[in-house]
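To start, the structure under review is shown below, and the notes come after it.
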């Protein structure tokens, strides 16, 4: 870091360059920093290009109006250098226009070696905020200037393990309706960074209590208005949804406790985040899905024979989550995963309802759900755990459900990690033997043969063909489908 700062200082002749924002804050807190935030007194673009040329790096314009630029470094101690023009004539004025006291600190980059002796603060309260680990706005205009700062307040609290002051929370409540003015992708990034923390649920609860959550997600207002008397939870559907998310977070934080046999497998699964968009992880996405898994219950509520039912709420819920996520500019993969899990979130409970899960049923479940199996199993367990504080289900019932899904996950990884069974049949053999044309029915027959092989009922091509012949002869649904495709 010292070498990097020295090189930047050597390139700064003619400019007043200050370390600001998260970089100076993290230095004071002795936290690891991935970025360097700098503010310059003039010609921010010219200065940025000078740095880019010296480091042979890439320049991105973050905000052309406010003259903010990002330099992406290659193989260095930090990933980026963010450079902005003073927001005001002096660094002191710049700091007065920033969001929170803990971010409104600076020092001249030339003083890096003994920066603590040269810290510039907008007011003396900033040091108090550092000591008390409290987030306070620099000004009561802060949220009006940039409404996204309300979400950033929660994000900083989660990442720094700080608390929001009562005054800051009051300001959020007063200005919550302004959040819709922020760019959707910026809301998405901040919200999912909150969800990525280990104690996100407590901050989500504060977001709700101070009116911000319902402004970000109007769907939550509908969930809260759903008739409470038809739900097990005293405060209705939203309480159930929130406690499902809270349970998901608890399970994800304690994977070894809930799934001791597959702890390492699950760690590897949830550490694989490359397929999702910026700031979205498997864990944060699963918490998000848990919060909205029953979002369509108000529309599907139907009273029949003295009981409230929510027929097909999974399918409608999947359509609604697509709209919610699309409005926040989440990626196609993020949305597809959420749709899939919500549309299937009742399947684990249905599968384990009769106390016995056959090998065939388990194999079909794994084949249908694929790599989303761990996520769906944890979502199902979280759904059940949301009832722990109530007396709807007995401890015995809850314990059985937990045992069932744990066993299901164990079987999934045994199959996934096992050596592949020897290939005894393929589509060409089936088509030749039964004189069939290519089509989806071939895949169905192959799946049927695979299930029988997995159950240990067949072990050769001859046995597979004999079993398939029996299937064609005895099952009418297959017979009709196959008859149309016989040459």
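Some points to look at:
- Any hit, region 126-141, residues being closer than 17 Å to residue 38 by Cβ and in the same structural domain as residue 7 (by TED's automatic domain parsing): no
- Residue match in region 372-388 (condition: in the same structural domain as residue 317 (by TED's automatic domain parsing), over 20 Å from residue 248 (Cβ atoms) and modelled with pLDDT under 90): no
- Residue match in region 392-403 (condition: closer than 23 Å to residue 271 by Cβ and free of Cβ contacts under 8 Å to residues at least 40 places away in the same chain): no
- Residue in region 105-152 that is nearest to residue 213 (Cα to Cα), counting only those that are assigned to a helix (DSSP H, G or I) and out of contact with any helix residue (DSSP H, G or I) (no Cβ under 8 Å at 6 or more places or on another chain): 145
- So residue 197, is it at pLDDT below 95 and either assigned to a loop (DSSP other than H, G, I, E, B) or in contact with a strand residue (DSSP E or B) (Cβ under 6 Å, 6 or more places away or on another chain) (or both): no
- Some residue of region 56-65 being touching a helix residue (DSSP H, G or I) at 6+ places or on another chain (Cβ under 6 Å), in contact (Cβ under 8 Å) with a residue 12 or more places away in the chain and either on the phi < 0 side of the Ramachandran plot or part of a loop (DSSP other than H, G, I, E, B) (or both): yes
- The one condition in (1) assigned by TED's automatic domain parsing to the domain that holds residue 292; (2) surrounded by fewer than 17 Cβ atoms within 10 Å (Cβ to Cβ) that residue 435 fails to fulfil: (1)
- Just so you know, in region 7-22 the residues that are modelled with pLDDT under 95 and under 30 Å from residue 157 (Cα atoms) include one that is farthest from the chain's Cα centre (by Cα), and it is 21.
- Selection count, region 338-367, where residues are part of a helix (DSSP H, G or I) and touching a residue at least 12 places away in the same chain (Cβ under 8 Å): 19
- Among the residues of region 403-449, those identified as under 28 Å from residue 379 (Cα atoms) and at pLDDT below 85 are 418, 447.
- Test: residue 233 is over 15 Å from the mean Cα position of the chain (by Cα), more than 21 Å from residue 323 (Cβ to Cβ), in contact (Cβ under 8 Å) with a residue 24 or more places away in the chain and in the same structural domain as residue 399 (by TED's automatic domain parsing): yes
The values are calculated or read from the model by the stated rules, or taken from the named source; none is laboratory data. Quantities reported herein were computed from a predicted structural model and do not represent experimental measurements. Every residue, glycine among them, receives a Cβ derived from its backbone with ideal geometry; neighbour counts consider all protein chains shown.
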